[in-house]
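Shown next, in structure tokens, is the structure this report addresses.
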Amino acid sequence: MILERCLGSMLLVLSMLSNVLGAFVGVNIGTDVSSMPPASDVVAIVKAHQITHIRLYDADPHMLKALAGSGIEVTVGVTNEEVLGIGESASAAAAWINKNVAAYMPSTNITAIAVGSEVLTSVPHAAPVLVTAMNNLHKALVAADLNFQVKVSTPQSMDIIPKPFPPSTATFNSSWNSTIYQLLQFLKNTNSYYMLNAYPYYGYTNGNGIFPIDYALFKPLPSVKQIVDPNTLFHYNSMFDAMVDATYYSMDALNFSVIPIVVTETGWPWQGGSNEPDATVENAETFINKLIQRVSNNSGPPSQPTIPINTYIYELFNEDKRPGPISEKNWGLLFTNGTAVFPLSLGGPSQITGNSTAVFCVAKDDASEDKLRDGLNWACGQGQANCSAIQSGQPCYLPNNIKNHASYAYNDYYQKMHTVGGTCDFDGTATTTTIDPSYGSCIFTGSSNSSTGRESLPPTALGPISPGGSTKLPLSKIQFLNSATCLLVVLL
């Protein structure tokens, strides 16, 4: 019992300390997968990719057991089917907490409960009891002395904001005002946060051409096409930021300010049907990598620049069993063997895995396509690089773009020739990196391990209890002393 209390104290302090270390990027794990690996393998894959925050759509006991001792922060889910029962019965809420949260803590680091998924728009008949369900769960956490470690919220879609642009005039759908007011009051009273599912992919594809695709993909816009809120004159460099800000303004319209927003879902599908031309590997790669860069700069949207946008990517694996169009089944970052679907351009020394002394040569992000094409042609021709892997139908053909093909060719040339004077320059379009650019079944020359993917999500610390980047719980000397005492107990 003493050891359990110590571990809980240490996890709490670690979580609180992590607030000073910035925003995090987590990943959703869906289970509509025909070849879903065992829970222990899923956790091994998550750890191998240095993913420190995950969201489950339920409270799967196999996953929660497998996560024990990992330190990974876990958001567990109350399913939409469970919301009604928990909203109608405090005892059902207590039983749910005891079975799905208290039974696994502190060894499994559960830090949040997502009550339902887009309840207001997907199961509106449960809306009248949604906040009651959240209150019942919170009271059960208080009774179990877990309310400081585990926050309760509920993910909502952008659909409850009918006109999200310009952000400054955005408001929630007035038909939901009573429920949303109660929800925001609950979040404020419990020091929790608003869970937002924000998909620029749908904002663009359903937008009838109002906004350019570069705006949805975090790409810079020319000066004549800047997206500006006419009321505040704030410039929006991405649809993602505009969606988050529209939600802040919608809360402000109900007189709630600075309830932090955590984006619980966002992503981009990498394959679609013939009528889904924007669901491509290239677009997904661009969106995910630029999203990670955006979140990692630790800033908020224009109206709330000091509140980082902690974000969960949708999703870890393709859920091929999901109904709907082809794109619905192709949002995964990884294949079920743990390799990446596309290269993830991430920085940081902790991402160097496998042969940490290896140096690779890849195309620069800002290189012009004309120069990359010249470099690619030279490498595959006069440079005698082996370019068979980037031919159609071969492992490195996709994503089918100049930058990806040039990276493979540049690296093959460099690996063969750098010991005899070959350089990684290619008219200024190339650069060296210690991060292995291999992905999926595409293995770059010089890679030390062809059986696992090397790219990973950004190394972040154990994430904050309060997601705005700074917790409102004071980190007292007593808590430090308790943790120090606990460490001595563990060591002895």
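The values are calculated or read from the model by the stated rules, or taken from the named source; none is laboratory data. In this text, all values refer to a predicted model and were calculated from it rather than measured experimentally. Every residue, glycine among them, receives a Cβ derived from its backbone with ideal geometry; neighbour counts consider all protein chains shown. The accessibility values were calculated without ligands, DNA or RNA, using every heavy atom of the protein model including side chains. Shrake-Rupley method; radii C 1.70, N 1.55, O 1.52, S 1.80 Å.
Quick notes on this one:
- With the Kirkwood sum run over all distinct C-alpha pairs, the stretch 360-433 has a hydrodynamic radius of 11.8 Å.
- The simple Förster model, with R0 at 60 Å and r as the Cβ-Cβ distance, assigns Leu254 and His418 a FRET efficiency of 0.50.
- Exposure ranking of Tyr410, Tyr199 by accessible area [1.4 Å probe, largest first]: Tyr199, Tyr410
- Cross-link pairs exceeding 31 Å in C-alpha to C-alpha distance, out of Lys188/Lys321; Lys163/Lys290; Lys329/Lys403; Lys47/Lys364; Lys219/Lys371, comprise Lys188/Lys321.
- Over the stretch 21-334, accessible surface divided per residue gives 38 Å², non-protein components excluded, 1.4 Å probe.
- Restricting the calculation to Cα atoms, every distinct pair contributes to the Kirkwood radius of the stretch 21-334, found to be 20.0 Å.
- Whole-Hz Karplus values for the stretch 43-49 come out as 5, 4, 5, 4, 5, 4, 9 Hz, taken residue by residue from phi with 6.51 cos²θ - 1.76 cosθ + 1.60 and θ = phi - 60°; glycine and proline positions read x.
- A crude spin-label estimate for the pair Lys65 and Asp427, with each label 7 Å from Cα along the Cβ direction, gives 6.0 nm.
- Subtracting the Cα-Cα distance of Lys321 and Glu369 from their residue separation scaled by 0.36 nm leaves 13.5 nm.
- The stretch 360-433, accessible surface, carbon-and-sulfur percent (1.4 angstrom probe): 44
- Dimensions (Å) - the stretch 241-330, Cα atoms, principal axes, largest first: 44, 27, 21
- Under 15 Å from Lys65, Cα to Cα: aspartates and glutamates that are on another chain or at least 8 residues apart: Asp41, Glu73
- In the full protein context, the stretch 373-438 carries 47 Å² of accessible surface per residue, based on a 1.4 Å probe and ignoring ligands, DNA and RNA.
- C-alpha center-to-center spacing [the stretch 366-388, the stretch 229-266] in angstrom: 43
- Val362 contributes an accessible area of around 20 Å² to the protein surface, as traced by a 1.4 Å probe with all chains present.
- Solvent-accessible area of Asp427 with every protein chain in place, 1.4 Å probe, in Å² to the nearest 10: 100
- Area of Met195 that stays accessible when all protein chains are in place (1.4 Å probe, Å², to 10): 0
- Loop-located trypsin sites (Lys or Arg not before Pro) in the stretch 275-332 (DSSP state other than H, G, I, E, B) with a sparse environment of at most 15 neighbouring Cβ atoms within 10 Å: Lys321.
- Carbon/sulfur fraction of accessible area - the stretch 108-247, other protein chains in place, 1.4 Å, %: 54
- Average 1/r across all pairs of distinct alpha carbons in the stretch 31-176, invert it, and you get the Kirkwood radius: 16.4 Å.
- Cα pair distances in the stretch 220-272, grouped into 5 Å bins until the bin that holds the longest one, percent each: 4, 15, 21, 19, 18, 13, 7, 3, 0
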